[in-house]
Every structure is written in structure tokens, then in C-alpha cells.
Amino acid sequence: MSSDRTADDTGQAARAPYAANAARAPGRLVAEPPSATRTEFQRDRDRIVHSTAFRRLAHKTQVFVYHDGDHFRTRLTHTIEVAQIARALARALKLDDDLAEAVALGHDLGHPPFGHTGEDALDACMAEEGGFDHNSHGLRIVTELERRYAAFDGLNLTQPTLAGLVKHNGPLLDASGTPAERYRPRGVPASIIRYDRLQRLDLSLHASLEAQAAAIADDIAYDAHDIDDGLRAGLFPLAALRAAVPFVEGLLGEIDELRPGLEEPRVIHELTRRVITRFIEDAMRESRRRIAESGVDSPEAVAAAGRSLVGHSEAIEAADRDVKAFLFAHMYRHPDVRRVRDRADAIVRRLFKAYLTDPSAMPPDWAAKAHQGERARAVADYIAGMTDRFAIAEHARIFDDASDLR
């Protein structure tokens, strides 16, 4: 025990006073003896990696369905890339990189099959039952739906990790208790409010700097890697991206000067790595500036700071907006992508209706849950746990109709 505390204190000594401290952070809902070899945040990270939901990310869509090739991002590869960026940011800012990594690795656990299309379809199906939100579903996965351990349901993660998973994009309530803008139409999902009564997540306060690092890492990874996937898939030409986004034009100019005549696949990779590098380096500089300006000197001060302290400069925020606007028009709304999304939407809606009508079409344990109450939620939980290919196979089994998502 004493050697573990010594090792932990040694590690924490190199960190900033506003970093999360695994030795003093709020603990787990179900008390457990400490590990002799790992900090509490390291244990959280490892439990997420070993979870069933994490493994399923390998066969869940990022933008493309799995048919489109083995070299495009899945939820799992995206998650690994986010974790790498979050670790880099956390170390540069002298934060607890284990907590940043845990939040990054768990941030997409709640996504259903077929990416945002699947989420939108499930949300529509559940409109009269409170809707479907991948953030709240992720919380339910790590607090109740994963059933692996003898002593508890879920993964029994620490409070800072749970709060990071729920609040990495900002507080869910304002100081008066009013839902934040993204939750204003329907309110904060009931499952989050319910869990908050069991273990306080401080929904009106900001998450740790480690969780904020995971959030901006997610954004960086999305921009850079959707550019990469979209170019290599031929959804838009490099010249169109260059003409529309001045930030990209500047980076490609550097590549042209350093490596004139470089073949396009290498140009695309050089562009992708430069986007990541510039965004990360800017986040490091801007976050240091904000932290110094705020005067925070503890994790509690970070929570009460009233704004995110990990962020980008105005110039990079403008570049981010330009990139997103281009990708929305030329990638996410591309006719080929929209055609696949329409078919994926139909699969989710038809499966939902079939299971809701006849829960026995689901495995016995899920059918039993549906008959015990909240049938629609049980059906949504079952579908949300599916991989893309399993959802396609289930659709074919029930409707005898092979859906070719190409």
C-alpha cells in the first residue's frame, strides 16, 4: 500500500496543481480495495479497453460502412486516434494523461451502428420515450449494461471518469439548473439525472481539464481523418479542398515547396499529419494561455471556472469552421454517402418496429427485459449494441431481405 502511494505521489508531483489527482479524486459507487500496481484512473482505462462495448467499436461506422474497405476509419480506430491526441495534450499541459486517455477511450461507447445515422434513427423511434442520446447511453453502458463483474453491474468507474464521459463537451445544466442549449428541447436525459442522484456528477460545472483535452482531441481527429478518408475515397478532389479552405491551402503550399512533385497519396498523408500537428500545437498554446489567465490552482477551480480552458485560438477556430463546412457539403452530404445512410436508417427503423412488435425476435435475455417494462428502451438498448454487420444480418434474417449498403 505505501509503495503504491509513493509511486502515485511521485507521478503527481510532476503534474500541475490543477490536474486531476487519482489518489485524492472522488471514488467509485461501489467501494473497492486499491490496486497494488495501478492508479484508479489507470484501472478505469483498462476496464474500458476490456469491455464488450469497446470491442464492438471495431465494427461500427465512423462515416463509411464496413463494406467500403478495410482502410477507412471505424469507431475503434477513431477512438484510438482520439486517445493518442488526448494523451499528447494532457502531457504537454501537465495533466493526468491516464484520465484523459480513459475519457477518450470511452467517449464513443454509446454510439449505435451506422454512426450518426443510426443515432438519428433510434432517436426518432424513441421520440415518445425520451429519445436516444449516445452520451447518456454511454453512461448507461458503463454503469449498468456491461455485466461482467461479480460485485456490480457496469464497470464501476471513478467519478472523474464518469463525469468526463458525460460532460466532456461542457456542463449539461447552467447555474440555475436549466438544461444547456443542446438539451434544451427535451431536457437532460433521464438516465443521466437518475445516475446523478446516486453519485454526483456536478452537471452544472465543467469537467476536468483531462476531459476537456479528450473533447478537443475528438474534434481534431474528426477534422483530420475525415479529410483523409474523404480524399482517399474520392468523394472530393484535393483541388476543391485547397480552393475552399485557406488553412489547407497554406499547408499544401508547404508540402509543394518541401516536396515538389510528390505523388498524391503521400500528399494526402502529409496534409493529414500537418493538420493534426497544427491543431494540437495551437491547442497547447491557447490552453496554457487560458489556464494562466484564469488563475486556476486546483481541479475544483477548473470545475468552477465558468468556461472551457482547453481550446483553440481564434485563427484555428476559423480554420476548424471552414474544414467542417467543406466536409459537410462535400462528404457528409455526398450522394453516395447519403444513399448508404438512407438504407442504414431504414434498417434501424425496421428492426426497431419488428422487435417492439415481437420481443421474442431478440435473444431471450433481451426479450425478458422488454417484457419487464420499458419495452421500447430495451429494444433501443439491444439495437444500440449492434455492430453494423450484425444489424445488416439481423435485418436479412427477420425480413429475408439482404441489404447491400454500398
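Calculate the FRET efficiency for Glu317 and Gln372 from the Cβ-Cβ distance with a Förster distance of 41 Å, rounded to the nearest 0.05.
Working: r = 48 Å, r/R0 = 1.16.
Here the calculated transfer efficiency is 0.30.
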Discussion item. Roughly how far apart, in whole Å, are the Cα centres of region 319-348 and region 120-163?
Written reply: 26 Å
Discussion item. Could you compute how much accessible surface Lys94 exposes when probed at 1.4 Å, giving the result in Å² to the nearest 10?
Written reply: 120 Å²
Fill in: Cut-off under 5 Å, modelled amide H: who pairs with Leu173 long-range
Ala180, Ser204
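Percent of Cα-Cα pairs more than 26 Å apart in region 211-350, please. Walk me through the numbers before you get to the answer.
Working: 3680 of 9730 pairs.
In whole percent, the long-distance tail amounts to 38.
What number in nm² do you get for the chain if you take the convex hull of its Cα atoms and divide its surface by four? Before the final figure, lay out the partial values.
On the way: hull surface 84.1 nm².
Its average projected convex-hull area is 21.0 nm².
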Discussion item. Please list 3J(HN,Hα) in residue order for region 74-89, calculated via the Karplus relation 6.51 cos²θ - 1.76 cosθ + 1.60 where θ = phi - 60°; whole Hz, with x for glycine and proline.
Written reply: 10, 4, 5, 5, 4, 4, 5, 5, 4, 4, 5, 5, 4, 4, 4, 5
Worksheet item: Hey, quick one: spin label on Ala14, modelled 7 Å out along Cα-Cβ, who in region 28-63 has an amide N within reach, i.e. under 19 Å?
Response: 37-43
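Carbon-plus-sulfur fraction of the accessible area of region 204-303, 1.4 Å probe, in percent?
Numbers: 2230 of 4360 Å².
Percent of accessible area from carbon and sulfur atoms in region 204-303: 51.
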Worksheet, complete the sentence: With 0.36 nm assigned to each residue of separation and the Cα-Cα distance removed, Glu300 to Phe328 gains 6.3 nm
Response to the item:
re region 238-292: pairs of Cα atoms spaced beyond 14 Å account for a percent value of 59 percent
Item to complete: Please identify which residues in region 270-290 have an amide N closer than 14 Å to a label point set 7 Å out from the Cα of Lys94, following the Cα→Cβ vector.
Response: 288-289
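Rounded to the nearest 500, what is the chain's calculated 222 nm mean residue ellipticity when only DSSP H runs of at least 4 contribute -39500 (n - 2.57) each, over all residues?
Details: 19 runs with 238 residues, N = 406.
Taking each H run of at least 4 residues, the total per residue is -18500 deg cm²/dmol.
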Discussion item. Can you compute the label reach from Ala175? Point 7 Å from Cα along the Cβ direction, backbone N cut-off under 13 Å, restricted to region 295-327.
Written reply: 304-307
Discussion item. Would region 124-216 count as rounded, prolate or oblate if I go by the C-alpha gyration tensor, calling it rounded below 1.5 in a/c and otherwise prolate when a/b exceeds b/c, oblate otherwise?
Written reply: oblate
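Under 1.5 on a/c is rounded, so check that first for region 260-313, then, if it is not, pick prolate when a/b is larger than b/c and oblate when it is not; a ≥ b ≥ c are the square roots of the alpha carbon gyration tensor eigenvalues. Can you show the working numbers first?
Values: a/c = 5.49, a/b = 4.10, b/c = 1.34.
Prolate, since a/c reaches 1.5 and a/b exceeds b/c.
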Item to complete: Determine the per residue accessible area of region 127-229 with all protein chains present and a 1.4 angstrom probe, expressed in square angstrom.
Response: 40 Å²
Worksheet item: Averaged over all directions, how much area does the convex hull of the C-alpha atoms of region 39-151 cover when projected, in nm²?
Response: 8.5 nm²
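Looking at the square roots a ≥ b ≥ c of the eigenvalues of the Cα gyration tensor of region 279-406, which shape do they give, rounded for a/c under 1.5, prolate if a/b is larger than b/c, or oblate?
Values: a/c = 4.56, a/b = 1.80, b/c = 2.53.
Verdict is oblate for region 279-406.
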Worksheet item: Under a plain spin-label model, where a point goes 7 Å from the Cα along Cα-to-Cβ, how far apart in nm are Ala23 and Gln84?
Response: 3.3 nm
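Using a 1.4 angstrom probe on heavy atoms only, work out the carbon and sulfur share of the accessible area of region 325-403 in %. Each step should come with its number before you reach the end.
Working: 2100 of 3990 Å².
The computed percentage sits at 53.
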Worksheet entry | Accessible surface, region 267-311, averaged per residue in Å² (probe 1.4 Å) | 47 Å²
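The values are calculated or read from the model by the stated rules, or taken from the named source; none is laboratory data. Because the structure is predicted, anything quoted here is derived from the model rather than measured. Neighbour counts run over all protein chains shown; Cβ positions are idealised from the backbone, glycine included. The accessibility values were calculated without ligands, DNA or RNA, using every heavy atom of the protein model including side chains. Shrake-Rupley method; radii C 1.70, N 1.55, O 1.52, S 1.80 Å.
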